[in-house]
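Structure first, then comments.
The values are calculated or read from the model by the stated rules, or taken from the named source; none is laboratory data. Because the structure is predicted, anything quoted here is derived from the model rather than measured. Glycine also receives a Cβ, built like all others from the backbone with ideal geometry; neighbour counts cover every protein chain displayed.
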Amino acid sequence: MEDQALLREGMVALLAENGIEVVAQADDGPGLLRIVDGHQPELAICDVRLPPTFTDEGIRAALEARRRHPDLAILVLSAYVEPVYTAELLAAGQSGVGYLLKERVSEVRTFVDSVKRVAAGGTALDREVVSALIADRDRSGDGAARLGALTPRERETLELIAQGRTNAAIAREMVVTLGAVEKHVSNIFAKLDLPAGDDDHRRVLAVLAYLRATTAQ
Amino acid sequence: MTDHGHEIDWRSVTRGAAFVPSLVLLTALVVIWAATGADYFWPMWAALGLAIPTGLWYAVRWARLRPKGGGRWYAMQASVSVVLVATCLAVWAMSGGGFFWPIFPFVALSVALALNPLAFRPGQRKLEVRVDELTRTRSGALDVQASELRRIERDLHDGAQARLVALSMQLGRAEERLADHPDSAALVRQAREEATAAIRELRDLARGIAPPVLADRGLVAAVESLASRSTVNVEVVGHLDHRLPPVVETAAYFVAAESLTNVAKHAPGASARVTLHLDGAMLVVEVADNGPGGANPAGSGLTGLKQRVEALDGRLEVHSVAREGTVVWAVLPCE
């Protein structure tokens, strides 16, 4: 498909400009698996919809690639937010996964950060996915009361944490001081009854684990 | 007389036709015939006498298994005619042949049979053919429409939107390179933001036309996705082991979507349950909530749903009793 190729070429150029080496490209699911088996890359980026049927081949191929190579980081790009797919990706492992709306590629700096973060074993969930997940938790069961206890600023912070942002990035995004973010974070952990982790990565995992646990019920 | 479906139940044959007494009687007659000199084989007339009512009984029974309507009466006439002609043939053969008179009842009954649809129900056949044709073309048209909508959704996402994404990405790259020219960079950023807004609008448009997850993953996943977006608590119970025709999936999806929207609007504190299951070749969709009830089934949303479902020869019912919640129940034939 011509439009898809256009997008892929653009993406390759963008990544190359930002110091990320693209070892191979493919235009369908089996192609992705061949590349992953052959080149053993650190990270695979793929669309949810791939030929031949343009349904969810991308997600299925990504999950299969991940099954074959548990260390492979996976970033899925999609034309639309679908909580079902995010949940499947997270179920395959919480480190080195990302699910972003395609248009995020236009915010070059943020996108490249997300790519690097996922490649390094972090997470990058689209802010719309995160707010859908949190909105979902909001209504059901045990998590509702706890999340309800968060102030709007803390909730915003939690969404950013769940996207995989560092405290410094959150401070920039929310236009507050680093100290203020740290205070929000410790409040969140206290209110959600989570032990504070020693690093960003564990922190994200804890939040995601919490979100997923309440999704499952 | 019980209905045994389309298969022959031999136990009922022997029981229903008084088979055993008949057999005993005939055996007795044959013994008497043999004892009285085994002359002219007259017991065959008794056998014929027993065979005629039995034949008629089966003829009527067979006809009653046909589908209801004009066709059943026509089948009845045909089967009784067959029995009558067979009787005439038997009488002719048993009385020693000769002039082949059974040809007259045969011709008469055949003519009556041939004229029947015209004589008793003028236009009936034509009408049936027309109804068949209309049913077929209507479901064909709806199928085509549902698939076309999905194609449009795909084209929007994977065609126009992909191009816009490529465009906004190039703008993003240009913006990076213009770091030293803030004025130009601001202009490019504006253009990029416009492109992003267009992408968002396209996405909303595409979702309204045909929800992508419905096309990609099918009904249960799409309804689960709806549930996760709803502002009320929704439980989805359903498992379908194969994909249904697009037109059925779309109709069922909109039944769930519209009903959940109604729950969110009129019973914000309630929780709802969506049940999806196949009952033979029928898909049953039920959306039940524990809200205040008292919904107006003639409301515009529900009327629209009803029309959508009835266009597929399905049925939609709304039960809404004050203080007992609302149940929207739809059944859709899947061919």
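Determine whether B:Leu278 is in contact (Cβ under 8 Å) with a residue 60 or more places away in the chain, more than 14 Å from chain A (Cβ to nearest Cβ) and in a strand (DSSP E or B). Judged against the criteria, B:Leu278 is not a match. Taking the criterion of being under 21 Å from B:Leu134 (Cα atoms) and either of a type in the set (Gly, Ala, Ser) or buried (at least 20 other Cβ atoms within 10 Å of the Cβ) (or both), the residues of the stretch B:307-333 that qualify are B:Arg308, B:Val309, B:Ala311, B:Leu312, B:Gly314, B:Leu332. Taking the numbered list (1) touching a helix residue (DSSP H, G or I) at 6+ places or on another chain (Cβ under 9 Å); (2) polar (S, T, N, Q); (3) exposed (fewer than 14 other Cβ atoms within 10 Å of the Cβ); (4) not in a loop (DSSP other than H, G, I, E, B) in turn, B:Asn296 passes all entries but (4). Does any residue of the stretch B:68-85 turn out to be exposed (fewer than 13 other Cβ atoms within 10 Å of the Cβ) and either closer than 29 Å to B:Val129 by Cα or modelled with pLDDT under 90 (or both)? Scanning the stretch B:68-85, I find at least one residue that is exposed (fewer than 13 other Cβ atoms within 10 Å of the Cβ) and either closer than 29 Å to B:Val129 by Cα or modelled with pLDDT under 90 (or both), so the answer is yes.
As for the stretch B:200-213, it holds at least one residue that is within 13 Å of chain A (Cβ to nearest Cβ), without any contact (Cβ under 8 Å) to a residue 24 or more places away in the chain, under 19 Å from A:Asp47 (Cα atoms) and buried (at least 19 other Cβ atoms within 10 Å of the Cβ). Set side by side, the residues B:Arg125, B:Arg130, B:Arg138 differ, and just one is of a type outside the set (A, V, I, L, M, F, W, C), more than 25 Å from B:Gly208 (Cβ to Cβ) and either surrounded by 12 or more Cβ atoms within 10 Å (Cβ to Cβ) or modelled with pLDDT under 85 (or both), which is B:Arg125. Does any residue of the stretch A:36-48 turn out to be in a helix (DSSP H, G or I), farther than 14 Å from A:Arg66 by Cα and within 12 Å of another protein chain (Cβ to nearest Cβ)? No, there is no match, as no residue in the stretch A:36-48 is in a helix (DSSP H, G or I), farther than 14 Å from A:Arg66 by Cα and within 12 Å of another protein chain (Cβ to nearest Cβ). For the stretch B:241-253, filtering for residues that are within 21 Å of B:Asp143 (Cβ to Cβ) and surrounded by fewer than 17 Cβ atoms within 10 Å (Cβ to Cβ) leaves 2. Every condition in (1) out of contact with any Leu (no Cβ under 6 Å at 6 or more places or on another chain); (2) within 21 Å of A:Phe111 (Cα to Cα); (3) more than 7 Å from chain A (Cβ to nearest Cβ) is met by B:Asp158 except one, and the failing one is (3).
When we screen B:Arg173, B:Arg192, B:Arg163 for residues that are in contact with a Leu (Cβ under 9 Å, 6 or more places away or on another chain), under 23 Å from A:Glu2 (Cα atoms), among the basic types (Lys, Arg) and crowded, with 22+ Cβ neighbours inside 10 Å, the only hit is B:Arg192. In the set B:Ala174, B:Ala179, B:Ala222, B:Ala191, only one residue is of a type outside the set (D, E, K, R), within 37 Å of the chain's Cα centre (by Cα) and more than 7 Å from chain A (Cβ to nearest Cβ); that residue is B:Ala222. Is it the case, given these coordinates, that A:Thr53 is assigned by TED's automatic domain parsing to the domain that holds A:Asp113 and farther than 24 Å from A:Arg127 by Cα? Yes. Criterion first (part of a loop (DSSP other than H, G, I, E, B) and hydrophobic (A, V, I, L, M, F, W, C)) does A:Val22 satisfy it? The answer is yes for A:Val22. Here the stretch B:227-241 is the region considered, the condition is being without any contact (Cβ under 8 Å) to a residue 40 or more places away in the chain and assigned to a helix (DSSP H, G or I), and the residue that is farthest from the other protein chains (Cβ to nearest Cβ) is B:Arg229.
Filtered by the rule that a residue be farther than 13 Å from B:Glu258 by Cα and without any contact (Cβ under 8 Å) to a residue 60 or more places away in the chain, the stretch B:308-323 gives B:Glu310, B:Arg315, B:Glu317, B:His319, B:Ser320, B:Val321, B:Ala322, B:Arg323.
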